[in-house]
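The values are calculated or read from the model by the stated rules, or taken from the named source; none is laboratory data. This one's a predicted model, so the numbers in the text were calculated from it and none came from an experiment. Counting neighbours? That spans all protein chains shown, and the Cβs are built from the backbone with ideal geometry, glycine included.
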Amino acid sequence: MQRMKMGVICTMMVVMMLSGVLAWGEPDPNDTMITWQEWRWCVAKPTSSEVALHDAIHFVCGKKAVDCSPITHGGACYFPRSLYNHASFVMNRYYQLHARNARVCNFRRAGMVTFSNPSQGSCHYDHA
């Protein structure tokens, strides 16, 4: 019985944290820090096919919806030079442009939302 109560309590705490019910204190209107809920990025799923990743890049960059120059030769995100990294970068730019709407990160099931910052070296992924 005690074990079941602990399981229920833990589950409720996780649900409250994910729904934003638990706060880190009263927000300061002058505070420029971003809350944990805003630290989200859209990246390519590691299992995505090369075709799906190419399609995502062409969709985002072809629409000229975002600046894709960082993934071109000489750009800050050209290295690491991989289809996965280039797709992740532009998918995230598009996702951030659309207010971090999870549906925008779908990219025909090639994208996923992560709470881990994918930035590497000089390549900084947009957020909030």
| query | Name the residues in segment 66-121 that are of a type in the set (D, E, K, R) and more than 17 Å from SER49 (Cα to Cα), would you? | reply | ASP67, ARG93, ARG100, ARG103
| query | at pLDDT below 95, over 23 Å from ASN117 (Cβ atoms) and among the β-branched types (Val, Ile, Thr), is that true of THR32? | reply | no
| said: Being within 19 Å of HIS127 (Cα to Cα), surrounded by 19 or more Cβ atoms within 10 Å (Cβ to Cβ) and modelled with pLDDT of 95 or more is the requirement here; does ASN106 meet it? | reply: no
| request: Could you please let me know if TYR125 is of a type outside the set (S, T, N, Q), in a helix (DSSP H, G or I), surrounded by 15 or more Cβ atoms within 10 Å (Cβ to Cβ) and within 16 Å of the chain's Cα centre (by Cα)? | output: no
